1. Can you say whether Ile65 is crowded, with 18+ Cβ neighbours inside 10 Å and over 27 Å from Val195 (Cα atoms), as far as the supplied structure shows?
2. Just to be sure, is Ile11 exposed (fewer than 12 other Cβ atoms within 10 Å of the Cβ) and under 30 Å from Ser285 (Cα atoms)?
3. Mind checking whether some residue in segment 68-90 is under 27 Å from the mean Cα position of the chain (by Cα), over 29 Å from Arg150 (Cβ atoms), modelled with pLDDT of 95 or more and assigned to a helix (DSSP H, G or I)?
4. Quick one: count up the residues across segment 272-306 that are surrounded by fewer than 17 Cβ atoms within 10 Å (Cβ to Cβ) and farther than 25 Å from Val27 by Cβ.
5. Pairs please, first residue from segment 234-261 and within 29 Å of Val368 (Cα to Cα) and assigned to a strand (DSSP E or B), second anywhere and among the acidic types (Asp, Glu) and at pLDDT 80 or above, Cβ atoms under 6 Å, 6+ apart in sequence or on different chains.
6. For segment 46-83: of the residues being touching a Leu at 6+ places or on another chain (Cβ under 7 Å) and of a type in the set (Val, Ile, Thr), which is nearest to Ser204 (Cα to Cα)?
7. Which of the residues belonging to segment 140-165 are in a loop (DSSP other than H, G, I, E, B), out of contact with any Ser or Thr (no Cβ under 7 Å at 6 or more places or on another chain) and not charged (D, E, K, R)?
8. Among Phe286, Phe307, which is the only one that is modelled with pLDDT of 90 or more and either outside any helix (DSSP H, G or I) or under 23 Å from the mean Cα position of the chain (by Cα) (or both)?
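The values are calculated or read from the model by the stated rules, or taken from the named source; none is laboratory data. As the structure is a computational prediction, the values presented were derived from the model and not from experiment. As a convention, Cβ positions derive from the backbone with ideal geometry for all residues, glycine included, and neighbour counts pool all protein chains shown.
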Amino acid sequence: MVTFFWICLIIIFYTYIGYGVVVFFLVKLLRLTRREKGSEIEFFTPSLTLIVAAYDEAAIIEDKIKNSLSLEYPHGKLHFIFVTDGSTDGTTEIVSRYPEIQLLHTVERSGKLAAIQRAMKEVKTQIVVFTDANTMINHNALLCICRHYRDEKTGAVAGEKRVDTEKVSDATSGEGFYWKYESTLKKWESELYSVMGAAGELFSIRTILYETVQPDSILDDFMISMLISLKGYRIKYEPGAYAVEMASASIAEELKRKIRIAAGAIQSLLRLKRLLLPFRYPLLSFEYLSHRILRWLVTPYLLILFFLLNVFLVSGDRNETSFILILYGQVVFYGAALLGGILRKRQTSAKILFAPYYFCLMNYALIVGMLRFLLAKQTVLWEKAKRK
C-alpha cells in the first residue's frame, strides 16, 4: 500500500508539474543542437478562408464581423464563410447585410461540426482558419498564423486562447490562470515537436489535409487537428495570434462547459488510440500520454485514491511524519478550494483561493464528463455557456 501511495504521488506530480519540467529541459537540449536563426519574420501569405459557425449570436455577431473584416491580410487572398444554421434570433439577417461574407444557412440546427463540414465543401483556398463567433482576434493574427505554413511539415497552426478576466473577481478568474499555464506548455510542445490538439477559438489547417470526422464527435476541433498529426504533420503553436473571449458568467456555466468538453475528451481518446503507438509516433505518443491521457483519463481518479490512501496510512500504524505532512498539505489545499467555492458569489480580492477551486472544478468535470459519455447523455448539440 505504501508503494502504491508513492506511485500515485509521482504520477500526480508528473501530470501537473513534472511533464512541463521534462518538456522544458528537452526543448533546452534541442536548442543547443540548432543553429541560430535570424530574428526577422518572413511572412507567407497563401490563399485563406476564415470560417465562423454561429448559432444565435445576434448580441455579438456584428462585432465579430467587423473584427473579421478588419484583419490584416493581402487583398484578394482572404475569403469569409459564416454558417448560421438553426439561428432564429436575427444572426442570419445581420450577416446577410455584409456582401463580403459568404453566408450559409439552413433552418435545421445540426451542430457546429455539421456547419463546419458544409463550409469546407465551399473552400477553395490553401489554408482554412476556424474561429468561434464569440471571440475577437488580434489584427495581425492571420499573418502570424500563415508564416508557419512556409514549412511543408506544418499541417495545422493553433492560436492562443485568452480569457478576459480583468474585471472578474470570482473563481472563473482561475480559467485565465489555467490558460496561461496551458499556453506555456503549448509553446514548449510546439518547439519540441507538436501541440496536442487545437482549441476551436482559433486554429487553422492546410485545406488538403482536412479529414471529415465522425458526425457525433463532440470535440470537433481536437479531432480535426489530431487526425492531421496522425498523417505525420505537426501542429504548431502561435501565441502572436490570439482569440479573446469573456470568462463564463458563473461557476455553474463554467462547470456546464467543462463537463461537455470532458465528455468529448473521453470520446476523442477512444477514437485516437493510434496515437499510443510509441514506435510509430515516438514524440507524439509521449506528449499525448503525458498531456492528455494522464490528465483526462487517469489523474482525476488518482487524486481521490491518493487522499484516501493518505488518510488510511495516517490513521493506521504508518503515521510517519512524511505521511502526516502530505495529508496536512492536502487538507489545506482542498480547504482552500472549498473556501473559494463558498466565496464564489461574493466580490472578493482573495484570488489565491480561485486556483485550487478551479483545479478541483476541472477534475470534477472530467469525472462527471466521463459518466455522461458512458451513459450517452452528451450530444453534439451543445447548450451554450453564458459569458460575462
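1. Taking the combined requirement at face value, the residue satisfies it.
2. Considered against the rule, which asks whether it is exposed (fewer than 12 other Cβ atoms within 10 Å of the Cβ) and under 30 Å from Ser285 (Cα atoms), Ile11 comes out as no.
3. For segment 68-90, residues under 27 Å from the mean Cα position of the chain (by Cα), over 29 Å from Arg150 (Cβ atoms), modelled with pLDDT of 95 or more and assigned to a helix (DSSP H, G or I): absent.
4. 6
5. Note: pairs meeting the criteria are Ala243/Glu201.
6. Ile81
7. Answer for segment 140-165, where residues must be in a loop (DSSP other than H, G, I, E, B), out of contact with any Ser or Thr (no Cβ under 7 Å at 6 or more places or on another chain) and not charged (D, E, K, R): just Asn140.
8. So the residue among Phe286, Phe307 that is modelled with pLDDT of 90 or more and either outside any helix (DSSP H, G or I) or under 23 Å from the mean Cα position of the chain (by Cα) (or both) is Phe286.
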